[in-house]
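J.: Dumping the structure here so I can ask a few things about it.
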Amino acid sequence: MKKILVSTAFLAAMATTSIAADLPRRQSAPALPAVPVFTWTGFYVGAQAGYAWGQDETKLFLDGAPVDVGVSTDYDVDGFVGGVHAGFNYQIGSFVLGVEADAELAGVDGSLTVTDPTLPGLSAGVTTELNWQGSLRARLGAAFDRALV
């Protein structure tokens, strides 16, 4: 009985080995794609909108000398501002160089009319308007992954 048991175990081991030799060769697992490193290099465009407000102080002069009319000549200017911007950045190591331009339309305005109580019928008017604005600027920064200083 021992001989049959040992013979059966031996034949089973041999059969398993011979089957294993017929299996296809193991393939290595496919390489995972590398996680891309964040870069600041590239073009970008965007839009902005906002509201501007301020205060204007007007001085009246007559023949080069300031005139005190006895009333405040300060007035508020305010209004909507909105536009577009575009730029390009280029990253070299951890340094970022870039250029950006923007253009905005604006509806910022204010006005003041001053009448001198001692001179009836004489008045002065001042109007302030900002209809558009734009800028062009350079960039130099240090990148720390997704933060740019």
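J.: If we scan segment 106-120, do we find a residue that is modelled with pLDDT under 95, within 22 Å of Q133 (Cβ to Cβ) and not in a strand (DSSP E or B)?
T.: Within segment 106-120 (the criterion being modelled with pLDDT under 95, within 22 Å of Q133 (Cβ to Cβ) and not in a strand (DSSP E or B)), the answer is no, since none of the residues qualifies.
J.: Can you pull out the residues in segment 121-149 that are part of a strand (DSSP E or B) and either without any contact (Cβ under 8 Å) to a residue 24 or more places away in the chain or touching a helix residue (DSSP H, G or I) at 6+ places or on another chain (Cβ under 8 Å) (or both)?
T.: From segment 121-149, those part of a strand (DSSP E or B) are 123-144, 147-148; that's our starting set.
Across segment 121-149, the qualifying residues are S123, G125, T127, E129, A147.
J.: I need the full set of residues from segment 28-60 which are at pLDDT 80 or above and open to solvent by 100 Å² or more (accessible area, probe 1.4 Å), in order please.
T.: If we filter segment 28-60 for residues that are at pLDDT 80 or above, which is where we start, we get 37-57.
Those that are at pLDDT 80 or above and open to solvent by 100 Å² or more (accessible area, probe 1.4 Å): V37, F43, V45, Y51, W53, Q55, E57.
J.: Within segment 110-125, identify whether any single residue is closer than 14 Å to G50 by Cβ and surrounded by 11 or more Cβ atoms within 10 Å (Cβ to Cβ), and answer yes or no.
T.: If we filter segment 110-125 for residues that are closer than 14 Å to G50 by Cβ, which is where we start, we get none.
The answer is no; no qualifying residue exists.
J.: Within segment 62-77, is there a residue that is out of contact with any His (no Cβ under 6 Å at 6 or more places or on another chain), under 26 Å from G134 (Cβ atoms), open to solvent by 70 Å² or more (accessible area, probe 1.4 Å) and at pLDDT 95 or above?
T.: Within segment 62-77 (the criterion being out of contact with any His (no Cβ under 6 Å at 6 or more places or on another chain), under 26 Å from G134 (Cβ atoms), open to solvent by 70 Å² or more (accessible area, probe 1.4 Å) and at pLDDT 95 or above), the answer is no, since none of the residues qualifies.
The values are calculated or read from the model by the stated rules, or taken from the named source; none is laboratory data. Predicted model only: the values in this text are computed from it and were never measured. Cβ: placed from backbone, ideal geometry, glycine included. Neighbour counts: every protein chain shown. To get the accessible areas, we keep the full protein, side chains included, count just its heavy atoms, and leave off ligands, DNA and RNA. Shrake-Rupley method; radii C 1.70, N 1.55, O 1.52, S 1.80 Å.
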